[in-house]
Each structure stands twice: as C-alpha cells, then as structure tokens.
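The values are calculated or read from the model by the stated rules, or taken from the named source; none is laboratory data. Everything numeric in this text was worked out from a predicted model, so none of it was measured. Here the Cβ positions follow ideal geometry from the backbone for every residue, glycine too, while neighbour counts run over all protein chains shown. The protein model used for the area step is the full one, side chains on, heavy atoms only, and it has no ligands, DNA or RNA in it. Shrake-Rupley method; radii C 1.70, N 1.55, O 1.52, S 1.80 Å.
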Amino acid sequence: MDVNELLKQLNFQPIGEANGRIKRVKGIVSNSKPNPEKLFAAEGIWLASMCLKFGTRIDSLIVCPDYVRTPEVLKLIGDLSERTPDRFCVSAKTFEKISEKGQPDGIMALAALPQRDIADFIPPKKSVILVIDGVEIPGNAGTMLRMADGAGADAVFFCNRKVRMTHPKLIKSSQGAILTVPTYEFSSVTECRKWLRRFGFTVYLADTRADKFYYDEPFGKNAALVVGSERYGIAREWYDGDYSMIAIPMLGKCDSLNVGVAATVLTYEACIKNKLKQ
C-alpha cells in the first residue's frame, strides 16, 4: 500500500512546524522544556520497534511520508497507530526540524518512560543492584543502563540524580535498556539505604582507597554496588552507614576509570558470582 493511502486510511492529521505538537517535540528533543509526563522521542525503525516490543505507552505518532521508503516502516506505522489516537503527518521540512538522524526513516513516536513503583519491587535472592549516585553525563547513565541489562542486574537505582531520564543522549546510549531494566529513583541516600537495609543488601562503595579488590570479594548475597559522579565521586552520606569498599586495580598511569567502565567491571563480577556460580 502507498504510504499516503495508509496515512489517509489511518486518519493521520497534517500539521505544520507552527503546530503546538511540533513545538512540544522540539522541547523534548532539545531537553529544554519541562517534561512531567517523562516523554521521549523514539525516532527511527529500531527505537520505535523497541517501544512496540516492550509495550511502551505511545503518546502520539508523527510520520513524514517523504522519508518512508520500506514496507517495514509501513507495517510499523500500522502497528503503532493501534496504540494511539494522536497521529500526525508532516512535510520533509518540518520533520527535519525535529529529527536527529542524518537519514530519517520518517517515523517518530512520542513515548513515555515506564512508570515503576519501588513498593512493587521484591528483589530475588542474591540480587545485584547498581546504584548510580550523582552521575551528571547522560551518556554515562545510559551506558550503565545498557550494561546492567547485559550483565543481568536486577535493578538500577538513581540517587542524587543530576541527569534527566528522558535526555536524548541517555535514551540513545541505553539502546533500549531504559525500557527493560527496572529503574527506580530515590530522593535521598537515606531513603535508598533504608530500602537496601530492609532487604538485607550489603552496600559496596567503588572507592580507589579500598584495601580489597573487587575480584577478591566472594559476593553470593544481595549486593548493592554504588558508583559516584564523574567529578565528585560517591556522596559523603554513603560513608555514614554500614558499607564495604572495593577497588579496581589501576596498573597504568591513570588513577581511576570512567564511571561507566568501573560500573561494568563491578556489576559483571557480582552478577557472575551471584547468578552463574552456584
């Protein structure tokens, strides 16, 4: 079926650059406007397909027929259209104003991040939770979410959050993990510690001053791995309660690793020992 025929059949409404919906998308893509609904722009075949696969709520769908070139996109338009009544079509000029892709696929869904309640999360035995404390770079946060999915971590907690979870760089670097990894936000270290204590977690602080290297720790119990911000490290409050410190040996000239790399080393070690070794 021709794309214009499909859009007509599905009741897509034509809108221009001055339309409020396009202005809304621009604000989300530029990360410059309030976003209480936690919407993000799922542009292109891959990310829009991820939203479909994981049942992500779709707020609205925007299509540019000039850039729709394959039957795959036509099918995706049809499938996503079933998820929202708010469907719009735009010109190539308008789509280029909101697109971040060099070669657009002609499809963009405004989607909402999953809403999860920590009260509903009951960690399994030998859980591994990555606690991201004060990280400021969206790409680092997204990379750690992607890694947590790959390692099989049970959840990711954010404390002292400095990044917007809908930031385009976080969404992109997470490679869809933002939709799959159970992610929770705590307003304070105290609140997070209270939850971890309730479920018997041992808190491990990634600290270069530690006497024990990560590979010497047997794990085998509920483990919360805390990594800190790129500039300031782990918040002082984490050192006020019970904790263990673990380090990654630095054998070269540098004194530390990128936080995403450090989190990867620690999380995989803990997950392998907790989940693959019996």
So, by mean Cβ neighbours within 10 angstrom, what's the order for 216-224, 108-116 with the highest one leading?
108-116, 216-224
Calculate the length of the line joining the C-alpha centroid of segment 126-154 to that of segment 162-180, in whole Å.
11
Note on segment 208-278: C-alpha Rg/Rh, Kirkwood Rh, two decimals, gives 0.95
Is the shape of segment 156-201 rounded, prolate or oblate, going by the alpha carbon gyration tensor and its root eigenvalues a ≥ b ≥ c, with a/c under 1.5 for rounded and a/b larger than b/c for prolate?
oblate
Where in segment 4-46 does the amide nitrogen come within less than 16 Å of the point 7 Å from the Cα of Tyr232, taken along Cα to Cβ?
none
Assign unit charges at the C-beta atoms only (+1 for Lys and Arg, -1 for Asp and Glu), then state the dipole size of the chain relative to its Cα centre in Debye, rounded to the nearest 20.
200
How are the alpha carbon pair distances in segment 55-196 distributed across 10 Å bins from zero to the largest one, expressed in percent?
11, 33, 30, 19, 7, 0
Can you spot the aspartates and glutamates whose alpha carbon is less than 17 Å from Lys38's alpha carbon? Ignore those fewer than 8 places along the same chain.
Asp59, Asp117, Glu185
Quick check for you: with a 1.4 Å probe and neighbouring chains kept, what is the accessible area per residue of segment 217-278, in Å²?
56
Given a 1.4 Å probe and every protein chain left where it sits, what share in percent of the accessible area of the chain is carbon and sulfur?
50
Take the Cα radius of gyration of the chain and divide it by 2.2 N^0.38 Å, with N its residue count; two decimals is plenty.
1.15
Quick one: how many lysine pairs in segment 82-208 have C-alpha atoms under 23 angstrom apart, if they're 8 or more apart or on different chains?
9
Per residue, how much accessible surface does segment 9-142 expose to a 1.4 Å probe? Answer in Å², no decimals.
47
Could you work out the relative contact order of segment 24-114? I mean the mean sequence separation of Cα pairs under 8 Å and 6+ apart, divided by the number of residues, in percent.
46
Straight-line reach check, Lys212, cutoff 18 Å on alpha carbons, 8 or more apart in-chain or any other chain, hits among lysines -> Lys221, Lys273
Cα long-axis angle, helix 259-271 against the chain (0 to 90 degrees, to the nearest 10):
70
